[in-house]
Amino acid sequence: MNKKVLVISSSPRKGGNSDLLCDQFVNGSIEAGHTAEKIFLKDKKINYCTGCGTCIDRGKKCSQKDDMAEVLNKMVGADVIVMATPVYFYTMCGQMKTLIDRTCSRYTDITNKDFYFIVTAADTNNNAMERTLEEFRGFTCCLEDANEKGVIYGTGAWVKGEIKGKPAMEEAYHLGMSL
Ligand SMILES: Cc1cc2nc3c(=O)[nH]c(=O)nc-3n(C[C@H](O)[C@H](O)[C@H](O)COP(=O)(O)O)c2cc1C
């Protein structure tokens with residue numbers, strides 16, 4: 001079955017470590033015959049959630065006029081969602097958290113998805129990524145039928161592009177291919 005794959009790249013570094021892993025995942029999934037798209041979040045205007053309650057309390061659309069409605073449409077329409085973040089102070093980066101908070105108006109429409117997480121960090125210890133992964137799970141546990149299918153650990157990479165030549169590059173490609 002041809003799947004729609006949405007890859008969300010949140011690092012502010014275009015061509016950085018997590019962004020390269022996103023590209024590998026996209027290439028693998030296209031190779032396997034799926035339709036894949038990467039969103040580079042820094043190219044989008046996504047404001048913070050203001051907690052105004054328009055969506056939750058009054059059941060109305062989010063009143064903010066930015067690119068989030070477009071991103072949400074893509075999330076709702078995808079079969080597979082890949083969320084990639086650099087690890088900043090052992091948490092996800094602010095861009096990714098801002099995106100997650102802004103799903104508030106439609107998170108109940110993001111149903112029946114397979115999720116993959118990509119994390120990159122200078123730290124070489126995969127176990128140290130658990131805190132960041134738990135943050136992603138805090139999001140997916142709020143969704144109906146969200147299935148975590150895999151994690152790519154881009155550890156031991158500090159400098160931009162350092163991930164090249166590490167096993168995570170192959171892993172990302174093969175995970176994309178295995179969908
Ligand atoms: C503000 C900031 C905070 C960081 N905090 C951590 C950290 O807590 N642990 C870690 O292992 N690496 C940390 N790093 C290193 C990045 O996670 C690492 O450079 C990663 O490869 C960046 O991914 P990217 O190239 O996709 O942006 C930090 C980097 C920055 C800029």
Checklist entry - Which residues, taken from the stretch 69-95, are open to solvent by 40 Å² or more (accessible area, probe 1.4 Å) and not in a helix (DSSP H, G or I)? => result Asp79, Tyr88, Phe89, Tyr90, Thr91
Checklist entry - Looking at the stretch 97-115, which of its residues are crowded, with 22+ Cβ neighbours inside 10 Å and within 19 Å of Val87 (Cβ to Cβ)? => result Leu99
Item to check | Tally of residues being touching a residue at least 40 places away in the same chain (Cβ under 8 Å), away from the ligand (no atom under 13 Å from the Cβ) and not charged (D, E, K, R) across the stretch 72-94 | outcome: 6
Checklist entry - If Gly53 passes every condition in (1) part of a helix (DSSP H, G or I); (2) more than 16 Å from the ligand (Cβ to nearest atom); (3) over 21 Å from Lys4 (Cβ atoms); (4) free of Cβ contacts under 8 Å to residues at least 12 places away in the same chain but one, which one does it miss? => result (1)
Checklist entry - List the pairs whose first member sits in the stretch 119-131 and is open to solvent by 70 Å² or more (accessible area, probe 1.4 Å), whose second member is more than 6 Å from the ligand (Cβ to nearest atom) and not in a loop (DSSP other than H, G, I, E, B), and whose Cβ atoms are under 7 Å apart, counting only residues at least 6 apart or on separate chains? => result Arg131/Thr91
Next on the checklist: Can you confirm whether Val7 is more than 16 Å from the ligand (Cβ to nearest atom), of a type in the set (Val, Ile, Thr), at pLDDT 95 or above and surrounded by 15 or more Cβ atoms within 10 Å (Cβ to Cβ)?
Outcome noted: no
Checklist outcome for this item: Going through the stretch 20-38 in order, the residues found to be surrounded by fewer than 22 Cβ atoms within 10 Å (Cβ to Cβ), in a strand (DSSP E or B) and either under 14 Å from the mean Cα position of the chain (by Cα) or among the charged types (D, E, K, R) (or both) are Glu37, Lys38
Item to check | Identity of the residue in the stretch 96-125, of a type in the set (Lys, Arg) and part of a helix (DSSP H, G or I), that ends up nearest to Pro12 (Cα to Cα) | outcome: Lys97
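The values are calculated or read from the model by the stated rules, or taken from the named source; none is laboratory data. Since we're looking at a predicted model, the values are computed, not measured. Note that we place each Cβ from the backbone using ideal geometry, even for glycine, and neighbour counts take in every protein chain shown. In case anyone asks, the SASA skips ligands and DNA or RNA and just uses the protein heavy atoms, side chains included. Shrake-Rupley method; radii C 1.70, N 1.55, O 1.52, S 1.80 Å.
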